[in-house]
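Here's the structure, in structure tokens; my notes come after.
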Amino acid sequence: MPEILFPIRRVVSAIVSPMTPQAGTERAHRTVPPLVLVLLLLTLPVSALPGDWRVTPIRIDLGRNARSGVVTVINESDERLQVQMRAMEWTQDAEGKDQYADSDDILFFPRLMVFDKKEEKILRAGIKAPPTGKEKAYRLFIEEIPGPAEAKGVNVAIAIRFGVPIFVGPPKEEARGEVGPVAMTEGTLSVPVRNSGNVHFVVQSVLVKGRNGKGEEEFSRELSGWYLLAGASRVYTTAVPPETCGNLGNVEVEVRTDKISLRGQLVADPSMCSR
């Protein structure tokens, strides 16, 4: 896979163009809700906005043959940049939502970086313990520390945070997953996707197609996905158009990931459309 450079743009860009893993990027985490932040940015002087910086690569894969890795942090602005680092274990709850907890499994250095303009530095990370039978996931968060605002008046400190995924693989990887059972209630389709393997995969898309009794396509939807960690599950939902729901005879589901493809189906009837 070619090396991908991830730019941490000014906050306006992060709000207007949210990042997805399909585009080879990660989500930026902000300490202020986006809508509130947009309103605040309208009143801020340009000098109060954080500068541009990026990291490469955007993830680290560790295991028996690679106990450590490096990330390059690059300050692309003409302003001084200061960032701090924090390692956290990454899990997902019963609904597939990301959960983070402090962890000392990951060793990293340095813990604080100060950059002059157009400067780049190396961040090193490694694991304490060897991999086990199941992949473990972490995030190494790199967070900008806003500098003092020079302009007078009301200023808001905005912290941009990027979490570099760190995956510690098992001795033998087994990518497996399953779809189902697919269900529809009151015209809303529910597609459960479970990662039954011992390594993560990225759900690139969930393609749903509804056909009538003649096999003709009545509607189709493509839902975007996200990381699904080993052992985790997530339910994808979509509403079926009322004008076509009653015509459906079956629904076909195809889940495309970066490692495997999964399929599921549902035999539909009009009672599933009643609201």
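Collect the residues in the range 226-238 that are in a strand (DSSP E or B) and touching a helix residue (DSSP H, G or I) at 6+ places or on another chain (Cβ under 9 Å), keeping them in residue-number order.
At the first step, the residues of the range 226-238 found to be in a strand (DSSP E or B) are 227-228, 233-238.
Within the range 226-238, Y227 is the sole residue that qualifies.
State the number of residues belonging to the range 188-215 that are assigned to a loop (DSSP other than H, G, I, E, B) and modelled with pLDDT of 95 or more. Lay out the reasoning, then the answer.
Here is the first cut: in the range 188-215, the residues assigned to a loop (DSSP other than H, G, I, E, B) are 196-200, 213-215.
Right, trim to modelled with pLDDT of 95 or more and you get 196-200.
Summing the residues that are assigned to a loop (DSSP other than H, G, I, E, B) and modelled with pLDDT of 95 or more in the range 188-215 gives 5.
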- Since N250 meets every condition but one in (1) in contact with a helix residue (DSSP H, G or I) (Cβ under 6 Å, 6 or more places away or on another chain); (2) surrounded by fewer than 19 Cβ atoms within 10 Å (Cβ to Cβ), which condition does it not meet? (1)
- Message: Quick check on the range 216-260: of everything there that is of a type in the set (S, T, N, Q) and under 19 Å from the mean Cα position of the chain (by Cα), which residue is modelled with the lowest pLDDT?
- Response: S224
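The values are calculated or read from the model by the stated rules, or taken from the named source; none is laboratory data. Since we're looking at a predicted model, the values are computed, not measured. Backbone-built Cβ (ideal geometry, glycine too); neighbour counts: all protein chains shown.
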